[in-house]
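Note sheet for the following structure.
The values are calculated or read from the model by the stated rules, or taken from the named source; none is laboratory data. Keep in mind the model is a prediction, meaning the values are calculated, not measured. All Cβ positions, glycine included, derive from the backbone under ideal geometry; neighbour counts span all protein chains shown.
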Amino acid sequence: MGRLVAEGPRCVLRGTTGNPTMVAGEWLAAIPYPFRVIGGPELRDAVAEVARRMRAAAGPRPRGGGRRGAPWAPQPGADGPYSRFAIVTSTSCSPSRR
C-alpha cells in the first residue's frame, strides 16, 4: 500500500495505487484515526466520494427511532457488547447484482 514515514509529530503514508477508489473505500475508510489526504488528486477525489456516500448513508435519524419493532431498535434478548444497526441499499440483494 505504501510506506509509513515519521515526520515530526505526525505519521505520513506515502504510496502509489492504480485504484484510488479501492484505497479510499476499503483501506483508508477503515483507519480509526483522523487523517487528511495531502497529496494525490485522484485519491483526494476518491476519499471525497466515500465521505459523500457515508454522509448520505447516515442521513437524518428516522422519525420514531427506537420504537419497538423498528429495525434499529434493540431486539428482545439482545445482550453483549454489540451495536445493532440497520442499513438499506438502493440496489437489489439478488446474487446477480452482487
Which numbered condition trips up Trp27, out of (1) modelled with pLDDT under 80; (2) surrounded by 10 or more Cβ atoms within 10 Å (Cβ to Cβ)?
-> (1)
Filtering the stretch 13-37 down to residues that are hydrophobic (A, V, I, L, M, F, W, C), out of contact with any Lys or Arg (no Cβ under 9 Å at 6 or more places or on another chain) and farther than 19 Å from Arg55 by Cβ yields Met22, Val23, Trp27
